[in-house]
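The values are calculated or read from the model by the stated rules, or taken from the named source; none is laboratory data. All values derive from a computational prediction rather than experimental measurement. For neighbour counting, all protein chains shown are included, and Cβ atoms are generated from backbone atoms with ideal geometry for every residue, glycine included. Protein only, heavy atoms only, side chains kept; ligands, DNA and RNA dropped before computing areas. Shrake-Rupley method; radii C 1.70, N 1.55, O 1.52, S 1.80 Å.
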Amino acid sequence: MFGTLKTLITGANARAEERVRDIYSIELIEQKIREAQAGLQAAKATLASLIQRSRAEGRQIEVLETRVKDMTTRAKEALKAGRDDMAAEAAQAIAGMENELILRRETASRLDTRILRLRQSVEATNRRIIDLKQGAIAAKAVRQEQHIQKRLNTTLAGQSPIGEAEELIERVLSRDDPFEQSEILKEIDQGLSNEDIGDRLASAGFGPATKVTAEDVLKRLSKGK
């Protein structure tokens, strides 16, 4: 029982998390990009520090190599002059400097290896961040399009302003013409009061017309010519 409830709660939490991620996907993308940029900046700082150390080691190696050459020359001259004691001191100093050179060259080599790896990592991360930024722009465009489409779908729905306007137009157009209705009412009243009987008889040819028509006016005008 408790296992089932735990599974249901876990599933509900997962679905809720997915809904939150969908709603705030753009914000999450931008946050991840900021985090990636912060990591890239830290990597750049580390790379700069390694390069600085490598250059410092390089300068120290150059100084030691120069000192070894100078000391070697002086030791040779001491040997030629029969100063074996001074030549021995010089040889001991040269040995110490050469041992230091070995250590510094190893350190420089390790630094160069770390610099190469970190530089490649920085370049790859930078390219990925550029791609992420382009993807974020595309995602924003898609999200904006989705919002617009959602608003259009709501507008085109039955209870939308367009739907309501169409319904009102239909109601107005389907109403009866009040003028025509009044004319019909007049005709009905005339029929009930027998006022139109004379007109109907005149139209049938029984007796003169009770009303002047446009046709009568034209005939009179023609006779007056």
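The combined condition, being more than 30 Å from Val63 (Cβ to Cβ), out of contact with any Lys or Arg (no Cβ under 6 Å at 6 or more places or on another chain) and without any contact (Cβ under 8 Å) to a residue 24 or more places away in the chain, is fulfilled by Gln149. Cβ-Cβ distances below 9 Å connect the following pairs, each with a first residue in the stretch 128-140 that is under 18 Å from Ala38 (Cβ atoms) and open to solvent by 50 Å² or more (accessible area, probe 1.4 Å), a second residue that is among the β-branched types (Val, Ile, Thr) and at pLDDT below 90, and a separation of six or more residues or different chains: Leu132/Ile29; Leu132/Ile33; Lys133/Ile33.
Residues are listed down the side, and each one gets a yes or a no for (1) under 30 Å from Thr125 (Cα atoms); (2) modelled with pLDDT of 90 or more:
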residue	(1), (2)
Glu30	yes, no
Gly39	yes, yes
Ile51	yes, yes
Ser54	yes, yes
Gly58	yes, yes
Glu65	no, yes
Ala88	no, yes
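The set of residues from the stretch 26-50 being free of Cβ contacts under 8 Å to residues at least 60 places away in the same chain, under 19 Å from Arg117 (Cβ atoms) and either of a type outside the set (S, T, N, Q) or open to solvent by less than 60 Å² (accessible area, probe 1.4 Å) (or both) comprises Ala42, Ala45, Ala48, Ser49.
Would a scan of the stretch 51-69 turn up a residue that is under 30 Å from Ile29 (Cα atoms) and surrounded by fewer than 15 Cβ atoms within 10 Å (Cβ to Cβ)? Let's see the steps before the verdict.
So the first thing to find is which residues in the stretch 51-69 are under 30 Å from Ile29 (Cα atoms), and the list is none.
Among the residues of the stretch 51-69, not one is under 30 Å from Ile29 (Cα atoms) and surrounded by fewer than 15 Cβ atoms within 10 Å (Cβ to Cβ), which makes the answer no.
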